[in-house]
Amino acid sequence: MTVADDKGGSGKTPTAVTVGGFFAWLKGGLTLVWEATAAEGTLAARTEGRSSRGLNQLLKDAEQVRTPGVLSSYVTDQTSYAQVLGSTGKRVMTGDDVPRLTEVFDHTHRIIVTDTGNDPESSLFTNVLAKTDALVVPVPVRADHANKALSFLHDLRGQPETAGLVKRATVVITNDGKRQTPGLADDLLRSLDELGVESIMHVPYDPALDNDGPIVLEDLSRESHVAWTKVTAAIAASINVK
């Protein structure tokens, strides 16, 4: 599954970490969260632990890695039982790296959650979408984010190869504690319905997600646990994860 939007600050990385954590917790591990961004992103900073190898080294070694045991030296284990593959410093990734890396992941993990950047026109993003079974789009209720998300989904719906992803998408209406645009919530729901999005979920504000440090599922409120469990179930239903 891919967590995507083309605007920074929409909550893609916290959503990827949280969704990946709940999948691992509910499904018993074998879940990987990784960072498909052209340059170093923030995934490593939002997760527990640090790897000295990480994504930077795996980009060099991908053809030699085909088992969970070998990959374990590149990832960090989370208390949720998910594993995370983040960056360890400056690096570059292109669209050509996507099949190299996903070939590794197909041998090592059952559930793969991809955290993306803000360039939906890039070959990197296009190649990630080509490997995507379920699309997850976080949207804060603010006009700039909502407009970008709707435009992003509209563009995907207009392309035969991605139109199905929009119908199966899970849109997560988030609350990051910042001021929401008055009157926008109903308009946003109506616009998503017009785009054919069938799964729209809501999650509450949670201080445990509203910082720059590691996200630990145990730190989330009970209300958040319930909401994110429902989000995870909705995504699983869209791809029939057993």
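The values are calculated or read from the model by the stated rules, or taken from the named source; none is laboratory data. The shown structure was predicted, so the numbers you read here are calculated from the model rather than taken from an experiment. Don't worry about glycine lacking a Cβ; one is built from the backbone with ideal geometry, like all the others, and counts go over all protein chains shown. Ligands, DNA and RNA are excluded from the accessible area calculation, which covers all protein heavy atoms including side chains. Shrake-Rupley method; radii C 1.70, N 1.55, O 1.52, S 1.80 Å.
Remarks
Results for (1) of a type in the set (Gly, Ala, Ser); (2) in contact with a strand residue (DSSP E or B) (Cβ under 7 Å, 6 or more places away or on another chain); (3) within 22 Å of residue 46 (Cβ to Cβ); (4) open to solvent by 50 Å² or more (accessible area, probe 1.4 Å), shown as yes or no for each residue.
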position: 128; (1), (2), (3), (4): no, yes, yes, no
position: 146; (1), (2), (3), (4): yes, yes, no, no
position: 167; (1), (2), (3), (4): no, no, no, yes
position: 172; (1), (2), (3), (4): no, yes, yes, no
position: 176; (1), (2), (3), (4): no, yes, yes, no
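- Residue in the stretch 221-235 that is within 23 Å of residue 46 (Cα to Cα), at pLDDT 95 or above, open to solvent by less than 60 Å² (accessible area, probe 1.4 Å) and not in a helix (DSSP H, G or I) present: yes
- Taken over the stretch 92-111, the criterion of being assigned to a loop (DSSP other than H, G, I, E, B), in contact (Cβ under 8 Å) with a residue 40 or more places away in the chain and open to solvent by less than 70 Å² (accessible area, probe 1.4 Å) is satisfied by 93, 94, 109.
- Test result for residue 59, touching a residue at least 40 places away in the same chain (Cβ under 8 Å), under 30 Å from residue 220 (Cβ atoms) and among the hydrophobic types (A, V, I, L, M, F, W, C): no
- Condition check for residue 162: of a type in the set (Val, Ile, Thr) and farther than 23 Å from residue 113 by Cβ: no
- Flag if residue 29 is modelled with pLDDT under 95, open to solvent by 20 Å² or more (accessible area, probe 1.4 Å) and over 18 Å from residue 208 (Cβ atoms): no
- Filter result for the condition that a residue is of a type in the set (Gly, Ala, Ser) and either open to solvent by 10 Å² or more (accessible area, probe 1.4 Å) or in contact with a Cys (Cβ under 7 Å, 6 or more places away or on another chain) (or both), over 11, 20, 54: 11
- Pick from the stretch 73-91, criterion open to solvent by 60 Å² or more (accessible area, probe 1.4 Å) and not aromatic (Phe, Trp, Tyr), ranking: farthest from residue 37 (Cα to Cα): 79
- Residue list for the stretch 195-210, restricted to those being in a loop (DSSP other than H, G, I, E, B), farther than 13 Å from residue 11 by Cβ and open to solvent by 40 Å² or more (accessible area, probe 1.4 Å): 198, 207
- Residue list for the stretch 112-154, restricted to those being in a strand (DSSP E or B) and within 12 Å of the chain's Cα centre (by Cα): 112, 113, 114, 115, 116, 135, 136, 137, 138
- Conditions (1) farther than 24 Å from residue 155 by Cβ; (2) modelled with pLDDT of 95 or more: number failed by residue 37: (1)
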